[in-house]
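The values are calculated or read from the model by the stated rules, or taken from the named source; none is laboratory data. Computed from a prediction, not measured in an experiment: that's the story for all the values here. Methodologically, a virtual Cβ is constructed for each residue, glycine included, from the backbone with ideal geometry; neighbour enumeration extends over all protein chains shown. Protein only, heavy atoms only, side chains kept; ligands, DNA and RNA dropped before computing areas. Shrake-Rupley method; radii C 1.70, N 1.55, O 1.52, S 1.80 Å.
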Amino acid sequence: MGYSGFQVIKAGLFGQKGWKPVWRDPEPKAEYDAIIIGGGGHGLSTAYYLAKEHGLTNIAVLERGYIGGGNVGRNTTIVRANYFLPGNSEFYSHSLKMWETMEQDLNYNVMHSQRGLINLFHSDGQRDAFARRGNAMINQGDDAILLDRDGVREHLPYLDFDNVRFPIYGGLYHPRGGTARHDAVAWGYARGADQRGVDIIQNCEVTGIDIEGGVVRGVQTTRGAIKAKKVGIVVAGRSGQVAAMAGMRLPIESHVLQAFVTEGLKPIIDHVVSFGMGHFYISQSDKGGLVFGGDIDFYASYAARGNLPMKEHVMDAAMTLMPAIGKARVLRSWGGIMDMTPDGSPIIDKTPTEGLFIDCGWCYGGFKAVPGSGFSFAHLMATGNHHEPAAKYRLDRFRTGVGLMDEEGTGSQHNLH
Ligand SMILES: Cc1cc2nc3c(=O)[nH]c(=O)nc-3n(C[C@H](O)[C@H](O)[C@H](O)COP(=O)(O)OP(=O)(O)OC[C@H]3O[C@@H](n4cnc5c(N)ncnc54)[C@H](O)[C@@H]3O)c2cc1C
């Protein structure tokens, strides 16, 4: 169905009736060539690229809830390619390039807005670290501009530059960074995959993985057993639980990450801004709400809601950086379940079971990875070979210690990402 201006006006005049679902609601078949467990951003994009790039169309995406109900519809929508280490740098660079053509490719408006991202720094040491990061970004072919204090002031005049503890020294500006409409990304990939014959099956929880002689044979679900030659696990915060169905113990902890949105305000923030002296980042949605978040809650949990101490921490940081925000009223907050790896970098790999693949460990940064991850995981599932930009995302790095990436430079300790 097209979305012409005429149709939008017509539907508006007649009570929004006449819109049809944009993907089918099929019954599960007895057997597929490939099954993707998890209908989040990564699962849907994997199915889409398996169909589009590799001609595999006898595929099902099995989702325990509804499309967009997981982290893909819960995140703060920041899209960027400002990673530092070899391995991450080329992957996120590739993913950002895919964002830049995604709307044309899907023929779907995901409201990708390259409004620019500014990471603030508050000391000489931090300036050095951001200068290094900026150089790594430029070497990778991405964009980075080191701003001094006056340069930041030109972009973000509403910040408190002279806070006694954390004065602003400058910022690293990434003009191609920005935001997108998160659930539209899920819907766009779902529609594109469905149009290519992929069965998207909601309310279908995988409860077991069938393995015979070291080879995957299919899955058990709340809607019956389904056979498959290949199975991909793409379940974000539930990765540990689903991998355990195949006898695997992953190096992953699940933690809650919260986010907040205020009432709709007139335009004030036209970039994405992150504070350098606490974990805090903010942007303004197209509806006018200030969307912001901070660090994970520091305990393992499967509850998609957070606790008060982290709320207080985030609000403190907001007030330190931008005191005017104290006038805004918070409309709501929510949480999502993060699949945290010890080195803060993801996993896209085969498993010891033949035909069983895994894509997980995106920590709190996997929204920006949706196109790149789906493309690379589809490549691995279809060809058996690692896709070059994602070649370092091996599972065995946690066993061998080889190829550990340690993006944040904090050492391999949980909760220090
Ligand atoms: C508050 C918050 C803010 C964030 N901000 C950003 C950001 O600004 N930028 C960024 O890049 N990233 C951000 N992230 C991270 C990003 O959202 C995630 O890394 C990413 O969405 C995870 O991949 P996904 O979309 O596939 O996950 P999900 O949407 O969670 O998809 C996984 C799906 O698997 C399903 N599933 C689980 N178990 C089963 C089962 N047994 N059977 C069938 N289905 C199952 C789940 O129901 C779920 O729908 C944020 C996350 C949160 C929560």
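Provide a single number: the residues in the stretch 281-338 that are open to solvent by 10 Å² or more (accessible area, probe 1.4 Å), closer than 27 Å to D270 by Cβ, more than 19 Å from the chain's Cα centre (by Cα) and not hydrophobic (A, V, I, L, M, F, W, C).
So the count comes out to 11.
Would you confirm whether any residue within the stretch 48-65 is charged (D, E, K, R) and in a helix (DSSP H, G or I)? Lay out the reasoning, then the answer.
Going through the stretch 48-65, the residues charged (D, E, K, R) turn out to be 52-53, 63-64.
Cutting the leftovers down to in a helix (DSSP H, G or I) gives us 52-53.
Within the stretch 48-65, one or more residues are charged (D, E, K, R) and in a helix (DSSP H, G or I).
Consider G224 carefully, then state whether it is over 24 Å from the mean Cα position of the chain (by Cα) and touching a residue at least 12 places away in the same chain (Cβ under 8 Å).
yes
Return yes or no: is N107 more than 14 Å from the ligand (Cβ to nearest atom) and farther than 30 Å from Q140 by Cα?
On the way: more than 14 Å from the ligand (Cβ to nearest atom): yes; farther than 30 Å from Q140 by Cα: no.
Here the answer is no, as N107 does not meet what is asked.
A quick yes/no check of all residues on (1) in a helix (DSSP H, G or I); (2) away from the ligand (no atom under 11 Å from the Cβ); (3) at pLDDT 95 or above:
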| site | (1), (2), (3) |
| --- | --- |
| Y281 | no, no, yes |
| L290 | no, yes, yes |
| G293 | no, no, yes |
| A303 | no, yes, no |
| M315 | yes, yes, yes |
| M319 | yes, yes, yes |
| I325 | yes, yes, yes |
| L331 | no, yes, yes |
| G336 | no, no, yes |
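Considering each residue of the stretch 352-362, count those that are within 16 Å of the ligand (Cβ to nearest atom) and either farther than 28 Å from G73 by Cα or in a loop (DSSP other than H, G, I, E, B) (or both), and give that number.
Number of matching residues: 2.
I'd like to check something: does the stretch 150-160 contain any residue that is on the phi < 0 side of the Ramachandran plot, within 13 Å of the ligand (Cβ to nearest atom) and not in a loop (DSSP other than H, G, I, E, B)?
There is no residue in the stretch 150-160 that is on the phi < 0 side of the Ramachandran plot, within 13 Å of the ligand (Cβ to nearest atom) and not in a loop (DSSP other than H, G, I, E, B).
Of all residues in the stretch 363-403, which are open to solvent by 30 Å² or more (accessible area, probe 1.4 Å) and either of a type in the set (G, A, S) or within 16 Å of the ligand (Cβ to nearest atom) (or both)?
Matches in the stretch 363-403: Y364, F375, A382, G401, G403.
Just to be sure I understand, how many residues within the stretch 35-58 are within 18 Å of N385 (Cα to Cα), surrounded by 24 or more Cβ atoms within 10 Å (Cβ to Cβ) and more than 10 Å from the ligand (Cβ to nearest atom)?
Of the residues in that region, 3 qualify.
Please work out which residue is modelled with the lowest pLDDT, limiting yourself to the stretch 60-94 and to residues that are within 28 Å of Y32 (Cα to Cα) and small (G, A, S).
Ranking the qualifying residues of the stretch 60-94, first place goes to G68.
Hey, does the stretch 209-226 have a residue that's of a type in the set (A, V, I, L, M), more than 21 Å from P346 (Cα to Cα), open to solvent by less than 20 Å² (accessible area, probe 1.4 Å) and more than 13 Å from the ligand (Cβ to nearest atom)?
Within the stretch 209-226, one or more residues are of a type in the set (A, V, I, L, M), more than 21 Å from P346 (Cα to Cα), open to solvent by less than 20 Å² (accessible area, probe 1.4 Å) and more than 13 Å from the ligand (Cβ to nearest atom).
Answer yes or no as to whether D105 is within 30 Å of G68 (Cα to Cα) and assigned to a helix (DSSP H, G or I).
On the way: within 30 Å of G68 (Cα to Cα): yes; assigned to a helix (DSSP H, G or I): yes.
Taking the combined requirement at face value, the residue satisfies it.
Spot the failing condition for E27; the list is (1) part of a helix (DSSP H, G or I); (2) more than 8 Å from the ligand (Cβ to nearest atom), and only one is missed.
(1)
Across the stretch 115-138, what is the total count of residues that are open to solvent by 10 Å² or more (accessible area, probe 1.4 Å), out of contact with any helix residue (DSSP H, G or I) (no Cβ under 8 Å at 6 or more places or on another chain) and either within 20 Å of Y83 (Cβ to Cβ) or assigned to a helix (DSSP H, G or I) (or both)?
Number of matching residues: 13.
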